[in-house]
């Protein structure tokens, strides 16, 4: 277990370094800096002297290589810089938003797993039935829905028409405010999980060891729990990991729609305010979350499938 | 759903979207951008305006019909770009191997670690809103799937007898890649590109909804929804129809991709998700 962890961490470190470099270069090398863009979009006009001072203050006139090394050094010790807008450390801005973000992602994933996995399982066991067809039509529809539109429709129906739930905001952070955004975010991973679970179970149902188990007289319910579930689990857990990891990034639009104070809405607001350090920090956090979840999932494999023992 | 059914239903929906997009200037009722008339503001769907009008009095039906052009343009062009990048990198990496393969694999893993929507959002933030920026942002950020497939296929195909034969006949590397390997991996690549098109259309709508993609007054389905959000209490139809347009177009592409997979890529149980 420890060996697997160390191995995985060694694999992840270069990826993180590459992402940090990419996030820095993306916002430094491409044409149109944020400050010059402030004038170009026509919303504001800034005195050239002020622009000059801003560039100096933010260190934008230093040579690229020097800024790059500084940025790497700072990021490595967990300093994400100072927000251009609020003049606070970006780590503090993000820390304030982290808990709402995690809450939303966990709630959405819980919803997706609780409905998607059983649905796919039953669909596979009853392959070709009406239930199977209906749930697969539902799943592909779920994958085709724009999250923000689903959210908008849920908001209209459950908040504005039926008045069962609040339409937006964080409130006390309780279940009432969490429900609609979590469903809007959770529907597409749910649909994907239903499809993956069904495919994985169907695959295992045709395996030789399942036929052997049946032919030696094992009861169907034991076959399903002992052989099918356990073997289908690897693919299901992989999908859960990939979905869960990318969910914080996918949450951007849902957070914005429901005015949920998470990292995603911080990212979008920072983009509009041209607050580069905050944008970079949010992107790094979202990528880091993805890599962290996937490392955990790799560890979970070892528990699920004893055949997997990396070196 | 049976492969045949999803192929036909998906093909039908996609065909309809393409037809509407191509014929937009002939089947629209009024100009989608210029025909604003405050006397007609927020009229519910009815005989004169089948999908109603927005706050500026523009006909929603006409705007949706034109929005199909933007969505399909973004979907098709960004997927062509992604496929070209992915196939070029994947094919050469799988065939040549060595340091080039290590480099491409590292790059692919890097791309997989950054959620493509976030990557596209970052690029839009730098380039500013607009169709060209969208095509760049979406065309450069999701090639990792086609790259992985092309690489895996090249790896398994290069030891096949007919590839060995071509090499003995003195075919150059590029000629082998294009005439021997590429035709044999087209099936899975077409499937990935079809599904990717749906993803690109969703991404365009999302970015435009956030105000980073196509800006009003141009009729992108996403930017229409972004404007509609503020009027959801007084004019809910503004939010319904553009959303349905996105949903049915993406559903069509997803069904078509599923149906094509059953025909073109029958062994891919693991990728059947």
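A protection proxy built from the mean count of other Cβ atoms within 10 Å ranks the segments A:241-254, A:111-124, most packed first, as A:241-254, A:111-124.
Its alpha carbons considered, segment B:1-79 gives a radius of gyration followed by a Dmax of 15.4, 50 Å.
Rounded is the label for the protein assembly as shown, because a/c, from the alpha-carbon gyration tensor with a ≥ b ≥ c as root eigenvalues, stays below 1.5.
For chain B, the relative contact order works out to 27 percent when only alpha carbon pairs closer than 8 Å and six or more residues apart are counted.
Sorting A:149, B:26, B:237, A:226 by the number of Cβ atoms found within 10 Å of their own Cβ, with the fewest placed first, yields B:26, A:226, B:237, A:149. State, as an integer percentage, the relative contact order of segment A:115-269 based on alpha-carbon contacts under 8 Å between residues 6 or more apart. RCO, segment A:115-269: 29 percent. Full extension of the chain segment joining residue A:126 with residue A:225 gains 34.1 nm, where the gain is 0.36 nm per residue of separation less the Cα-Cα distance. Pairwise Cα distances in chain B exceed 28 Å in 44 percent of cases. Summary value for chain A: 25 percent relative contact order, contacts being C-alpha pairs under 8 angstrom separated by 6+ residues. Considering segment A:91-310 at the alpha-carbon level, its Rg and Dmax are found to be 19.9, 68 Å. Could you give the distance between the Cα centres of segment A:227-263 and segment B:144-199, to the whole Å? Using only Cα atoms, the two centres lie 32 Å from each other. Segment A:195-218 to segment B:242-257: how many Å between their Cα centroids? That distance is 33 Å. Against chain A, whose longest principal axis comes from its Cα atoms, helix A:2-29 is set at around 40 degrees. From its DSSP helices (H runs of at least four residues, each -39,500 (n - 2.57)), the protein assembly as shown gives a residue-normalised ellipticity at 222 nm of -23500 deg cm²/dmol. Counting only other chain Cβ atoms within 10 Å of each residue's Cβ, the peptide A:148-156 averages 6. Against chain B, whose longest principal axis comes from its Cα atoms, helix B:116-127 is set at around 70 degrees. Quick one: angle between helix B:98-113 and the longest Cα principal axis of chain B, in degrees between 0 and 90, rounded to 10, please. The angle comes out near 30 degrees. As a proxy for reagent exposure, A:205, A:257 were ordered by neighbouring Cβ count within 10 angstrom, fewest first; the result is A:205, A:257. If you bin all the Cα-Cα distances of segment B:114-273 at 5 Å, starting from zero, the percentages per bin are 2, 9, 14, 14, 14, 13, 11, 8, 6, 4, 3, 1, 1, 0, 0.
Bear in mind that the values in this text are calculations on the coordinates, not laboratory data. No experiment lies behind these values; they were computed from the predicted model shown. FYI the Cβ positions are ideal-geometry reconstructions off the backbone, even for glycines, and counts take in every protein chain you see.
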